Amino acid sequence: MSIKSDRWIKEMAQGGMIEPFVESQVRADVVSFGLSSYGYDIRVADEFKVFTNINSTVIDPKAFDPRSFVDLQADVCIVPPNSFALARTVEYFRIPRNVLTVCLGKSTYARCGIIVNVTPFEPEWEGTATLEISNTTPLPAKIYANEGIAQVLFFESDEACEISYKDKQGKYQAQRDVTLPRI
């Protein structure tokens with residue numbers, strides 16, 4: 001398995017792996033996004049689900065109460081102290097059968113105590129990725145929509161996997177919205 005370069009990512013994106021695709025890194029007055037040396041810096045869309053404890057409910061991944069979130073569509077999202085928000089990527093991905101990705105939060109946000117968690121994009125998964133944005137600080141944190149939030153690294157195997165996410169009929173296949181936990 002090898003990590004893929006900007007040239008490989010660009011070629012694959014031209015085949016529809018990333019839409020919309022930004023061919024070079026955009027950096028002027030924004031948290032950077034677009035193609036980088038060995039990855040792609042994804043953007044957070046302007047749709048957020050901000051966690052609230054107003055209903056004093058228990059978080060249960062098997063029976064998640066959607067009332068635990070406040071929906072927000074805005075250019076800026078304020079994540080409460082020691083809380084989190086869910087969002088989605090601007091980009092839609094179509095991962096090849098012999099590729100796996102790992103996604104890591106950008107250092108600009110990490111240096112502010114904001115952690116971005118995204119699960120790997122499995123072979124033949126497609127959709128917009130749901131992002132979990134945690135504010136680990138005791139202060140409110142600002143997230144900028146349509147700017148960089150995390151970097152995706154692409155790993156290509158010498159052979160295609162035996163069973164892909166599509167083969168398993170994965171529950172998050174082809175998602176386009178911020179998606180809550182499913183069983």
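If the requirement is being more than 20 Å from F33 (Cα to Cα) and of a type in the set (D, E), which of these qualifies: D75, D65? Spell out the reasoning first.
On the way: D75 fails: more than 20 Å from F33 (Cα to Cα).
Within the list D75, D65, the selection yields D65.
Exactly one of (1) more than 19 Å from C77 (Cα to Cα); (2) assigned to a loop (DSSP other than H, G, I, E, B) is unmet by V152. Its number?
Of everything listed in (1) more than 19 Å from C77 (Cα to Cα); (2) assigned to a loop (DSSP other than H, G, I, E, B), V152 misses just condition (2).
Please go through the range 86-145 and give me each residue that is of a type in the set (F, W, Y) and not in a strand (DSSP E or B), ordered by number.
Start the filter on the range 86-145 by keeping residues that are of a type in the set (F, W, Y), which leaves 92-93, 109, 121, 125, 144.
If the condition is that a residue be of a type in the set (F, W, Y) and not in a strand (DSSP E or B), then Y109, F121, W125 are the ones that fit.
For the range 69-79, indicate whether the set of residues that are surrounded by fewer than 21 Cβ atoms within 10 Å (Cβ to Cβ) and not in a strand (DSSP E or B) is non-empty. Talk me through it step by step, then tell me what you get.
Within the range 69-79, the subset surrounded by fewer than 21 Cβ atoms within 10 Å (Cβ to Cβ) is 69-76, 78.
This time we only want the ones that are not in a strand (DSSP E or B), so: 74-75.
Yes.
Of the residues I78, I59, I18, I54, which single one is of a type outside the set (S, T, Y) and within 30 Å of I163 (Cβ to Cβ)? Reasoning before the result, please.
Details: I78 fails: within 30 Å of I163 (Cβ to Cβ); I59 fails: within 30 Å of I163 (Cβ to Cβ); I54 fails: within 30 Å of I163 (Cβ to Cβ).
Just one listed residue meets the conditions, I18.
So which of S36, S24 is under 19 Å from S5 (Cα atoms), of a type outside the set (D, E, K, R), surrounded by fewer than 19 Cβ atoms within 10 Å (Cβ to Cβ) and touching a residue at least 24 places away in the same chain (Cβ under 8 Å)?
Details: S24 fails: touching a residue at least 24 places away in the same chain (Cβ under 8 Å).
When all the criteria are applied, what remains is S36.
Tell me, yes or no, whether the range 167-180 has at least one residue that is of a type in the set (A, V, I, L, M, F, W, C), at pLDDT 95 or above and closer than 27 Å to F64 by Cα. Give the derivation first.
We begin by selecting, within the range 167-180, every residue of a type in the set (A, V, I, L, M, F, W, C); these are 174, 178, 180.
Applying the additional criterion that residues be at pLDDT 95 or above yields 174, 178.
Add one more test, that the residue is closer than 27 Å to F64 by Cα, and what stays is 174, 178.
So far as the range 167-180 goes, yes, one or more of its residues are of a type in the set (A, V, I, L, M, F, W, C), at pLDDT 95 or above and closer than 27 Å to F64 by Cα.
The values are calculated or read from the model by the stated rules, or taken from the named source; none is laboratory data. Computed from a predicted model, the values in this text were never measured in an experiment. Glycine also receives a Cβ, built like all others from the backbone with ideal geometry; neighbour counts cover every protein chain displayed.
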